[in-house]
1. Whole-Hz Karplus ³J(HN,Hα) for segment 80-88, in order, using 6.51 cos²θ - 1.76 cosθ + 1.60 and θ = phi - 60°, x for Gly and Pro?
2. When the accessible area of segment 34-144 is split by element with a 1.4 Å probe, what percent falls to carbon and sulfur?
3. Please report, in whole Å³, the volume per residue of the convex hull around the C-alpha atoms of segment 59-109.
4. Computed from the mean reciprocal separation of all distinct C-alpha pairs, what Kirkwood hydrodynamic radius does the chain have, in Å?
5. Given the pairs Lys17/Lys136; Lys16/Lys41; Lys39/Lys120; Lys22/Lys136; Lys68/Lys130; Lys16/Lys120, which are separated by over 32 angstrom at their Cα positions?
6. Please work out the Cα convex hull volume for segment 1-79 and give it in Å³ per residue.
7. In terms of modelled amide H atoms, which long-range or inter-chain residues lie less than 5 Å from the amide H of Ser37?
8. Average the reciprocal distances over every distinct pair of alpha-carbons in segment 14-54, invert the result, and give the Kirkwood radius in Å.
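The values are calculated or read from the model by the stated rules, or taken from the named source; none is laboratory data. The structure presented is a predicted model; accordingly, all values stated were derived computationally and were not measured. Just so you know, the surface numbers come from the protein's heavy atoms only, side chains and all, with ligands and any DNA or RNA stripped out. Shrake-Rupley method; radii C 1.70, N 1.55, O 1.52, S 1.80 Å.
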Amino acid sequence: MSFLAYLNNIQTRTAKKPEDFKGLAIQKGLMINEELSPKTKAGDIVKWLKEDFDLGHGHAMAIYAYLKGKREQTMIVEVFKTDINCQEAANEVLTTLIEYFPTAQINFDLEDRDKILRIKSLIICIATFKRVLNQKGYYCEVLD
């Protein structure tokens, strides 16, 4: 699903446009002067939207991206170092990550010494990727 498709789907489900969520975020103190407060984290937005609008993680992250200023469809790439060393484990993790991020392009390079996990998506929540790997007993760190 594209960024625009996420926003359209949210509007259909909630009868609210992205600008409406911006106004609500300002009212809740999550935004100051048309920008996200430095204290506002992605998790704060996700929690609010899940509780108040029953939005899923991906839809809530689309609103978060919108509130941060995203307007066009630009792919983001993140590369992680992991300790996953076999294809079976990589496939298990991939299955779970795809449940969270069905539109993301996710792959492993287990031949690289850093056991690379590469993600390409419109929206990336680093904390979610780390949490999924940690819950499965694996290490994960963003490579610079």
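1. 10, 8, 10, 10, 7, 10, 9, 5, 4
2. That fraction is 45 percent.
3. So the per-residue Cα hull volume is 97 Å³.
4. Kirkwood radius, the chain: 16.2 Å.
5. Pairs exceeding the cut-off: Lys17/Lys136; Lys22/Lys136.
6. 100
7. Close amide H contacts, sequence-distant or interchain: Met31, Ile32.
8. 10.5
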